[in-house]
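**Student:** Before I ask anything, here is the structure I am working with.
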Amino acid sequence: MSDDGFAARAAAGDGAAFGRLVQQHQSSLRGFLLRLTRGDKALADDLAQDSFLEAWRKIRQFRGEGSFRSWLARIAYTRYLMAARRKKLEIVSDDADSAPSCGGLEPGVRFDLERCLARLALGERATLTLCYAMGYSSEEAADILEMPVGTVKSHVLRGRRKLLAMLGDAA
Amino acid sequence: MNGNEENLDRLLSAPLAAVADDGFSARVTARMAAAGASQTSFETALFVAAAGALLIVLSMAGLPEWLQRVSLSLANSLPLAVAAFALALTALYTRVLAD
């Protein structure tokens with residue numbers, strides 16, 4: 001059965017159907033939140049749980065216009081923004097231009113992508129993760145992050161440029 | 001596109017590392033059930049409180065006397081008696097048809 005089918009059954013009150021959706025999407029959602037939280041596993045898991053619970057409460061609002069996965073990612077991103085505001089998570093330096101290198105791509109030197117991504121601003125981390133690792137289009141990412149498509153594209157460009165600079169430093 | 005760019009795109013495009021469930025889904029399901037139960041208890045308590053408050057207000061506003069008056073007027077109402085008789089006949093006829 002497709003996500004939409006499980007979501008329709010969950011909307012009719014079938015908790016087991018929603019449980020299947022949780023099982024299917026927990027890995028990608030927790031992975032996305034791990035990127036947003038810069039690898040804070042406990043916080044990422046808390047936010048993922050809260051996101052699923054919010055999705056369960058609001059499942060009747062899911063109309064199936066987009067995918068369940070992107071609807072869930074939007075809830076998770078909003079949850080992260082709220083937590084970041086509360087815990088002041090994004091105040092930590094977002095200026096990656098002056099950051100030390102994260103390793104290189106030469107044989108024997110490991111480029112630590114996660115460490116480098118953690119140095120990027122939230123918008124850059126989120127758009128690079130959605131558009132590259134999770135395979136969303138710029139339009140879908142814009143919908144999830146509730147920002148204009150042009151902003152998504154500029155975040156991607158800026159993020160890539162910063163990562164390349166880190167690579168360049170490492171080379 | 002130079003080599004660094006290609007390598008970076010390749011790294012960025014790699015799927016996110018799989019995160020083992022390790023009881024995560026079960027914890028979410030348990031919280032769903034707990035949230036549902038507390039919601040039901042809250043709604044029941046709210047209903048009981050509202051019904052109690054309504055009864056108190058109505059009894060203070062002369063509810064018993066009003067009920068007595070209405071019951072008497074209904075019992076003495078010819079149109080209501082005719083309607084009840086018609087209803088009983090209809091039910092009886094339906095039952096006979098069903099048999």
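Taken together, the values in this text are just the output of simple stated rules run on the coordinates, not laboratory data. None of these values were measured; they are calculated from a predicted model. Counting neighbours? That spans all protein chains shown, and the Cβs are built from the backbone with ideal geometry, glycine included.
**Student:** Most mobile of A:ARG79, A:ARG158, A:ARG63 per a Gaussian network model of chain A (Cα springs, under 10 Å)?
**Tutor:** Checking each option, the largest mean-square fluctuation is seen for A:ARG63.
**Student:** If you average over every viewing direction, what projected area does the convex hull of the Cα atoms of region A:117-167 give, in nm²?
**Tutor:** 3.1
**Student:** If I model a spin label at A:ALA42 and B:ARG31 as a point 7 Å from the Cα along the Cα→Cβ vector, what separation in nanometres do I get?
**Tutor:** In this crude spin-label approximation the distance works out to 1.5 nm.
**Student:** While we're on this one: Could you name the lysines whose alpha carbon sits less than 21 Å from that of A:LYS87, not counting residues in the same chain fewer than 8 places away?
**Tutor:** A:LYS87 reaches A:LYS41.
**Student:** Something else now. Rg over Rh of chain A, using C-alpha atoms and the Kirkwood radius, what does it come to?
**Tutor:** 1.02
**Student:** Got the relative contact order for chain A handy, in percent, Cα pairs under 8 Å and 6 or more residues apart?
**Tutor:** It rounds to 22 percent for chain A.
**Student:** Would you mind calculating the gained length between A:ARG60 and A:SER2 on full extension (0.36 nm times residue separation, minus the Cα-Cα distance), in nm to one decimal?
**Tutor:** Result: 19.2 nm gained on full extension.
**Student:** Another question, then. How big is the convex hull of the Cα atoms of region A:1-62, per residue, in Å³?
**Tutor:** Taking the convex hull of the Cα positions in region A:1-62, it is 75 Å³ per residue.
**Student:** Can you give me the distance in nm between label points at B:ARG10 and B:ARG69, each placed 7 Å from the Cα along the Cα-to-Cβ direction?
**Tutor:** Those two pseudo-labels are separated by 9.0 nm.
**Student:** Helix-only estimate, please: 222 nm mean residue ellipticity of chain A, summing -39500 (n - 2.57) across DSSP H runs of length 4 or more and dividing by its residues, to the nearest 500.
**Tutor:** After summing the helix terms and dividing by the residues of chain A, the value is -20500 deg cm²/dmol.
**Student:** Return the distance in nm (one decimal) between the two label points of a simple spin-label model at A:LYS87 and A:THR151, each offset 7 Å from Cα along Cα→Cβ.
**Tutor:** 2.3
**Student:** Work out Dmax and Rg for region B:20-61 from the C-alpha atoms and quote the Rg first, both in angstrom.
**Tutor:** 18.4, 63
**Student:** How big is the equivalent ellipsoid of chain B along its three axes, where each semi-axis is √(5λ) from the Cα gyration tensor, reported in whole Å from largest to smallest?
**Tutor:** 68, 27, 15
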